[in-house]
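We did not get these values from a lab; they are worked out from the coordinates using the rules stated. All values reported here derive from a predicted model rather than from experimental measurement. Reconstructed Cβ throughout: ideal geometry from the backbone, glycine too, with neighbour counts over all protein chains shown.
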Amino acid sequence: MIMVAGATGNVGQPLVRMLAAAGEEVTAVSRRITDAPPGVVVRQGDLASLDFAGMSAVFLMVPGAFVPLDEVLGRAKTAGVRRVVALSSQGVVTGRHPAVLDDSVRRSGLEWTLLHPGAFASNALQWAESVRSSREVVAPFADVALPVVDPEDIAAVAAAALREDGHAGKSYVLTGPAPITPRGQAAAIGSAVGEPVRFVPQTREEARAIMLGFMPPEVVEVTLDVLGAPTPAEQQVSPDIERVLGRPPHPFAEWTSRFAGAFK
Ligand SMILES: NC(=O)c1ccc[n+]([C@@H]2O[C@H](COP(=O)([O-])OP(=O)(O)OC[C@H]3O[C@@H](n4cnc5c(N)ncnc54)[C@H](OP(=O)(O)O)[C@@H]3O)[C@@H](O)[C@H]2O)c1
């Protein structure tokens, strides 16, 4: 049985679907989960107190809030879990974020795989309301490009690492196939909804004021640094999705056509 934590999230939801479609037995966990594809075991629970009995592999994602990771992974090992695939961040590789999750996973004694995605395509959902109401995207750093990654591609790599041998001890940097700017994302959303979407530039200060409403201050500054002044490594396209999946990552336009309904 494979446990997917964060099962209602951008990555967890498609991961549960892919594992179930591949015929795996899956337990989908989050604090408020209520449904999942047929055959999937649904379990409400907090990451800090997961029960791993009967699980052979676990997909672990850790939200901003503190989770006692060494203890959680120790309980997984004691319960007989063999494999963990953990959703970390490219920011750990580039030194922007502390390696708290990575360090715990590496010393867990489990067969581990670490996923290091760059910025998610799904972050564009923050513009869904303004696109719906006024066909506008309001964002800073209009012309700074990042190779945003489709969470579905992250899920596909996670599914491979959970199901197949050959991924133990590997870390994968996960990006989209090409850098795209916020202005370019607004245009792609316009194409998906079939109407022009206007790009409205925002200053760093305006963006910070809004982000402070839903993110801790230190995360806000790092995020603004990545969005506004990415390093060459953060702008580079990684070959890892194609290496693992045998196909290139999805372009941003593919994500927008799948999520067009959110912007209409
Ligand atoms: N967004 C980006 O650009 C980006 C880039 C790199 C890395 N990341 C990393 O990706 C992760 C976020 O992944 P995502 O976008 O798939 O997540 P998400 O869409 O934000 O969903 C979070 C999931 O975790 C569950 N959850 C939250 N707190 C929980 C808790 N205490 N116990 C159990 N379940 C909990 C949520 O469901 P409930 O609320 O029902 O519990 C939900 O299923 C973060 O670790 C972030 O650092 C994000």
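Table for the structure above
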{"quantity": "Euclidean distance between Cα centres, region 22-97 to region 116-194, Å", "calculated": "22"}
{"quantity": "5 Å-binned pair-distance histogram of region 2-263 (Cα, whole percent)", "calculated": "1, 6, 13, 16, 19, 17, 13, 9, 4, 2, 0, 0"}
{"quantity": "Spin-label pair Ala260/Glu111, simplified geometry with 7 Å Cα→Cβ offset, distance in nm", "calculated": "4.2"}
{"quantity": "Computed E for Glu25/Glu242 - FRET, C-beta separation, R0 35 angstrom, nearest 0.05", "calculated": "0.75"}
